[in-house]
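Have a look at the structure below, then the notes.
The values are calculated or read from the model by the stated rules, or taken from the named source; none is laboratory data. Since the structure is predicted, the reported quantities are computational estimates derived from the model, not experimental observations. Please note: Cβ atoms are built from the backbone with ideal geometry, for glycine as well, and neighbour counts cover all protein chains shown.
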Amino acid sequence: MVKRFHNRTEAGQILAQHLTAYAHREDLLVLGLPRGGVPVAFEIAKTLNAPLDVCIVRKLGVPGHKELAMGAIAMLTVSEASHREGITDRGIKVLNYDVINTLGIDREVIEIVAAEELQELQRRDRTYRGDAPALNVKNKTVILIDDGIATGSTIRAAIAILKQQQPTKIVVAVPVAPTSTYQELQLEVDEIVCLQILEQMSAIGFWYEDFSQTTDEEVRELLAKQSDLRKLSE
């Protein structure tokens, strides 16, 4: 039965009940896509007693029609140990060639938009983590969370960046997604958990009664809160 979620907190709480098989695993890491995916991810990390971090991804919007994604970009921020080994931060692009070819968008436009979004990725990394390194996903079971999937460009960029870091397993968990994207992602990750799989997918916000914007401050607070909860449980 199709239902609307009250807010991201409720969506995360319901989604967490479908992921309890992963609770209390030492190799588990929960990653939320900022900003809207983080409140969902927090509820899951809290229920599963898992570390929480962010996977920072930005949509590449078509100039003049920014809500239409021509792709996405993610930043690989490796662990402190990897920095000592001389590995540097780098980004990865995932492009939506159907949109690019239909609209005749040239490579120069894509690069300009990607450069702008990379600056925002770097700002968010500093804002959310400060001087702290990203959590190391190598040999981990990673549950990747967003508040919903539309075209799938953003989540695909996140998956691509995670695969470069060699996790043992990637699980995608979302409250809502279209059938076509759900089926495609089944081929890209080890498992996908979705509460609402829809033949006809409108904007993600339609499936929430409260879809107010998550702020940078809320993301920082949720990351810090889950870190504190983990310390209390040790």
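Here is how the numbers come out for the structure above:
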read-out	value
Extreme residue, modelled with the highest pLDDT, among residues of the stretch 62-86 that are part of a strand (DSSP E or B) and over 17 Å from the mean Cα position of the chain (by Cα)	V62
Residue list for the stretch 150-178, filter: more than 20 Å from P39 (Cα to Cα) and of a type in the set (V, I, T)	T151, I161, T168
Wholly enclosed helices (runs of 4 or more DSSP H) of the stretch 89-170 bearing at least 3 residues touching a residue at least 12 places away in the same chain (Cβ under 8 Å) and surrounded by fewer than 20 Cβ atoms within 10 Å (Cβ to Cβ)	97-103, 107-129
Output for the stretch 37-58, where each listed residue is surrounded by fewer than 22 Cβ atoms within 10 Å (Cβ to Cβ) and in a loop (DSSP other than H, G, I, E, B)	N49, P51
Evaluation of F211 against (1) of a type outside the set (S, T, Y); (2) in contact with a Gly (Cβ under 6 Å, 6 or more places away or on another chain); (3) assigned to a helix (DSSP H, G or I) (one fails), failing number	(3)
Pairs where the first residue, in the stretch 14-32, is buried (at least 20 other Cβ atoms within 10 Å of the Cβ) and the second is basic (K, R) and assigned to a helix (DSSP H, G or I), C-beta under 8 Å, 6+ apart	A16/K46
Meets criteria (surrounded by fewer than 20 Cβ atoms within 10 Å (Cβ to Cβ), over 22 Å from L29 (Cα atoms) and aliphatic (A, V, I, L, M)) for L198	yes
